[in-house]
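Let me begin by presenting the structure, written as structure tokens, before commenting on it.
The values are calculated or read from the model by the stated rules, or taken from the named source; none is laboratory data. What you are looking at is a predicted structure, and each value in this text was computed from that prediction instead of being measured. Ideal geometry is used to build each Cβ from the backbone, glycine not excepted, and the neighbour counts take in all protein chains shown. Surface areas here come from the heavy atoms of the whole protein model, side chains and all, with no ligands, DNA or RNA. Shrake-Rupley method; radii C 1.70, N 1.55, O 1.52, S 1.80 Å.
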Amino acid sequence: MKQAFVFVMSILLTSAVIAQNITVNGRLISAADSKPLPYATIAVAPEDAPENSFRKFATKENGSFSTELEKGKYIFNFNFVGMDQVKETIDLTAATGTYEIGDIKMSESSTELDELNVTAQRPLVRVEIDKLTYSAKDDPEASTSNVLDLLRKVPLVTVDGEDEIQLKGSSNFKIYVNGKPSNMVSSNPSQVLKSMPANSVKDIEVITDPGARYDAEGVGGIINIVTDKRVDDGYSGSVGANANTFGGYGSNLYLATKYGKLGFTGNAGYYKLKQPESETSSSREEFTPFPLNTLTQNGTAESNGMGLFLNGSMSFEPDTLNLFNLSVSRFGGKFNSLSSQRAISGEALPYSYTSKSNSINNYGGINLSADYQRSFKKKGEMLTGSYRYERSPNDSEYDSEYEVDESVGFFYYPDGYRLRSVNDAGGDEHTIQVDYVNPLNVKHGIETGLKYIFRDNSSRADHTFFDVTDNSWKPDLERKNDLDHSQNISSGYAGYSYKSGKIGVKLGLRAEHTQQNIHFMSVELDTVVGTNFFDLVPSATLSYQIGMTQTLRGGYNMRISRPGIWYLNPYINDVDPNNISYGNPNLDSEQQHNFNINYGAFSQKLNFNATLSYSFAKNAVTPYSFIVQNVEDGIEKSVTHNTYANIGRNHTVGTNLYASWTPSDMIRTYLNGGINYTDIQSTQNSELRNSGFSGRAFGGITFTFPKDLRVGANGGLFLNRVQLQTEQSPFYFYSLSMQKSFFDKKLDLSLNVQNLFSEYREFSSTTRGEGFTQKSVFLNPMRNLNLSVTYRFGDLRTSVKRVQRTITNEDVMQGEGGTQQSGSTIPEGIIL
């Protein structure tokens, strides 16, 4: 009897001890997009001894966690690299059984973290349902480089040795800043992005499947640059300077502040460019149906310029439901080029001359935008209204002088002849937009909006020539080609999204109506032409999450390219009288259909992304060259005309691969590139056709040594680009760099040398057309040494959010113990 009593009491005591253990369940997610945070670290400590953690464990792939604790009070410490630490005090003294904490939300840190740790948990490239995102803040080289340098590493984007940007092998795309189109950046991308410090950028998004909310313009897609901002009170910024052996130099300033309800982000940059003398040579052979003739031209050119970039964005959040934003940008610069040329023409058209030219190009723009966002009680539901004004000048002028050897033959101009031309061109753009987003529930969401754009472009030119007979300047009315061009674009869209488990779907339809008026003015014509376009632009994207670290998606979209003033301007640039160029005011909008499949995966050490795409267009805006021969004042002329026309029927199949590998804390390497096969033919001339492969690759490796020393090497290779009439030679480039950080990583000193073993690089292009073949060879200086220094200042500490909460049985009944999130969520297109 005694033994039985002891046995029963043991069972009861054991059951009582087991019953005292409480199972705590929860899930860790990102506050920005509610996505789970896998492999985050959780430490548990008693409340009376918060520094003495007695248990540590990691979240699962879906961000969930579970642990058993005895009754008592505990402090949970949640840590995930790139996020602000979260501490929660949990009271389990009165709890029994299983308790659900619910979703624990973590916000991205406003400070720069150690890049090696970031690589381990935060991939540089994230795959989302309609875009790829490159995390600029997690790139260790961002502290001393510019945004153009970052683009070389972004999947699907390539930047060649001449700083020309391509998206999926195409130069026809749009650049957005904080979700808004920027003509100022799109028209001068290389110069603008060079002037922006990379540490002012948070993410670079490549939107290859633009949904219905985006404008249909931009054939290749959209590159969206998301600038950085502070999420907590304080200030931070940087100041930098750079110089190179070409004679160029520059400086930049970045500042981000937030105090209470007001926030400000801004940067400024100044640069001085200098390009040493380069050599050019070209030969043009003319044959049937023209008389046989050969023209050779040899010359030199050197250039210099300067520019200034200013940008400021201010936000005001009076409460958690209302947000106001104001942004102002100014970019401007001047580029001056001096060139000389020796031309010899023989056989059918004998002549010889030497020319000297001085040309000046003024570029830049002004951008002003104002936004209002209204949030609602339902998370994610919001209404936004915005206005944007943009001014984009594109002025140019040149002065040319000719020395003619009249003993060889008769040239177009007499000896001592001079030409002057001043072109005042540019455009104004006004945009009004309203957008509404409503996540109906956790699976379904809708979006809709209206937009109106008014564009007013113009071009006026003043042409004069020096009359050698009476030594005086006179107006040249025969060269008048002026233009007024206006567009009224009205659009509306509707979109639907679905997300359940591993499957995501986005469908959209956008309607755009364009009313266009063109007023063309010349000596012989004064014509006004009005046209109307209506386009239905569908888009569809399907994604499947294979695992927490693998995503597969496919999509279709139609894109439109409306030619701007740079393509429409009829102003004739005849600084080289044998090769003239001008725009075409009769261009129509181009339509392109795009299909793509994308696979992305990442692990602790490897980040991989692969894309397969197909696109076609039936009326592509295509560069077009042809020979015109005529007789003026008894003198025969043979001139190459370079312009644009809707004559391209294109088919392109392409691949793009991106891989980033971090085998150890010391080594990080990456590769970005792709291969395209293009078939292009003229819709007007069946004999004009070209096809073939083109490719590009850019890669690099970085070694990180103790005491914050980094050494790296980068290189790029570009194969022939397939165009309707022109083939270009392959070329390569490379650079070596070294960076050292001082004063607890506040001061960075960087040394970069480009093409150390090649002082010059030869580049050639060959253009073929009816009755002619023209080959040009360029010898450009390449070896360049660049020194840059960056100093970061302000509050660089990582903030810690602390939440006090007592778990009760009511939390278990509700199924969620999360605290209410304060503040508004900023959608795409809103600038902070």
Review point. Which ones in region 767-782 are open to solvent by less than 50 Å² (accessible area, probe 1.4 Å) and either under 30 Å from residue 638 (Cα atoms) or at pLDDT below 90 (or both)?
Key: 767, 769, 771, 772, 773, 774, 776, 777, 780
Review point. With respect to the numbered conditions (1) open to solvent by less than 20 Å² (accessible area, probe 1.4 Å); (2) over 30 Å from residue 541 (Cα atoms); (3) among the aliphatic types (A, V, I, L, M), which one is the sole condition not fulfilled by residue 572?
Key: (1)
Review point. Which fully enclosed strands (runs of 3 or more DSSP E) of region 574-667 have 1 or more residues being touching a residue at least 60 places away in the same chain (Cβ under 8 Å) and more than 29 Å from the chain's Cα centre (by Cα)?
Key: 579-581, 606-632, 635-664
Point to revise | Tally of residues being open to solvent by 30 Å² or more (accessible area, probe 1.4 Å) and within 20 Å of residue 428 (Cβ to Cβ) across region 364-412 | key: 9
Review point. Taking the condition among the hydroxyl-bearing types (Ser, Thr, Tyr) and buried (at least 17 other Cβ atoms within 10 Å of the Cβ), does residue 271 pass?
Key: yes
Review point. Which residues, counting only those in region 225-282, are in contact (Cβ under 8 Å) with a residue 60 or more places away in the chain, assigned to a loop (DSSP other than H, G, I, E, B) and farther than 30 Å from residue 298 by Cα?
Key: 228, 229, 230, 231, 232
Practice item. Please state which one of 522, 543, 539 is polar (S, T, N, Q) and out of contact with any Leu (no Cβ under 9 Å at 6 or more places or on another chain). Key: 522
Check your understanding: From the list 662, 640, 678, 652, which one is buried (at least 20 other Cβ atoms within 10 Å of the Cβ) and at pLDDT below 90?
Key -> 662
Point to revise | Meets criteria (modelled with pLDDT under 85, in contact with a Leu (Cβ under 7 Å, 6 or more places away or on another chain) and open to solvent by less than 10 Å² (accessible area, probe 1.4 Å)) for residue 198 | key: yes
Point to revise | Which numbered condition residue 265 misses (of (1) within 21 Å of the chain's Cα centre (by Cα); (2) surrounded by fewer than 20 Cβ atoms within 10 Å (Cβ to Cβ)) | key: (2)
Exercise for review: Search region 598-637 for residues being in contact with a helix residue (DSSP H, G or I) (Cβ under 9 Å, 6 or more places away or on another chain) and over 29 Å from residue 578 (Cα atoms), and hand back the single one that is least open to solvent (accessible area, probe 1.4 Å).
Suggested key: 607
Exercise for review: Quick one: which residue in 424, 428, 415 is surrounded by fewer than 17 Cβ atoms within 10 Å (Cβ to Cβ) and within 37 Å of the chain's Cα centre (by Cα)?
Suggested key: 428
**Study point:** Hey, residue 722 within 24 Å of the chain's Cα centre (by Cα) and at pLDDT 90 or above or not
**Key:** no
Practice item. Could you tell me whether region 223-233 includes any residue that is surrounded by fewer than 16 Cβ atoms within 10 Å (Cβ to Cβ), at pLDDT below 90 and acidic (Asp, Glu)? Key: yes
Review point. How many residues does region 309-339 contain that are in contact (Cβ under 8 Å) with a residue 40 or more places away in the chain, open to solvent by 60 Å² or more (accessible area, probe 1.4 Å) and under 30 Å from residue 360 (Cα atoms)?
Key: 3
Check your understanding: Which condition breaks for residue 158 when tested against (1) of a type in the set (S, T, N, Q); (2) more than 11 Å from the chain's Cα centre (by Cα); (3) at pLDDT 75 or above; (4) within 23 Å of residue 737 (Cα to Cα)?
Key -> (2)
Review point. Which ones in region 467-482 are modelled with pLDDT of 90 or more and crowded, with 19+ Cβ neighbours inside 10 Å?
Key: 482
Exercise for review: Would you be able to say whether some residue in region 783-798 is open to solvent by 20 Å² or more (accessible area, probe 1.4 Å), within 29 Å of residue 253 (Cα to Cα), among the aliphatic types (A, V, I, L, M) and part of a loop (DSSP other than H, G, I, E, B)?
Suggested key: yes
Review point. Among the residues of region 42-57 satisfying the criterion of being assigned to a strand (DSSP E or B) and open to solvent by less than 60 Å² (accessible area, probe 1.4 Å), which is modelled with the lowest pLDDT?
Key: 57
Check your understanding: Quick one: in region 244-262, which of the residues that are under 25 Å from the mean Cα position of the chain (by Cα) and of a type in the set (A, V, I, L, M, F, W, C) is nearest to residue 193 (Cα to Cα)?
Key -> 253
Exercise for review: Quick one: count up the residues across region 704-719 that are surrounded by fewer than 16 Cβ atoms within 10 Å (Cβ to Cβ), of a type outside the set (D, E, K, R) and either modelled with pLDDT under 90 or within 20 Å of residue 681 (Cα to Cα) (or both).
Suggested key: 1
Review point. So which residues in region 439-470 are without any contact (Cβ under 8 Å) to a residue 24 or more places away in the chain and in a strand (DSSP E or B)?
Key: 467
Revision key, fill the gap. Per the filter on region 531-563, residues open to solvent by 20 Å² or more (accessible area, probe 1.4 Å) and either outside any strand (DSSP E or B) or among the charged types (D, E, K, R) (or both) are 548, 549, 562
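Conditions tested, residue by residue: (1) assigned to a strand (DSSP E or B); (2) closer than 23 Å to residue 246 by Cβ; (3) open to solvent by 20 Å² or more (accessible area, probe 1.4 Å); (4) in contact (Cβ under 8 Å) with a residue 40 or more places away in the chain.
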site: 670; (1), (2), (3), (4): yes, no, no, yes
site: 686; (1), (2), (3), (4): no, no, yes, no
site: 693; (1), (2), (3), (4): yes, no, yes, no
site: 700; (1), (2), (3), (4): yes, yes, no, yes
site: 724; (1), (2), (3), (4): no, no, no, yes
site: 738; (1), (2), (3), (4): yes, yes, yes, no
site: 752; (1), (2), (3), (4): yes, yes, yes, no
site: 757; (1), (2), (3), (4): no, yes, yes, no
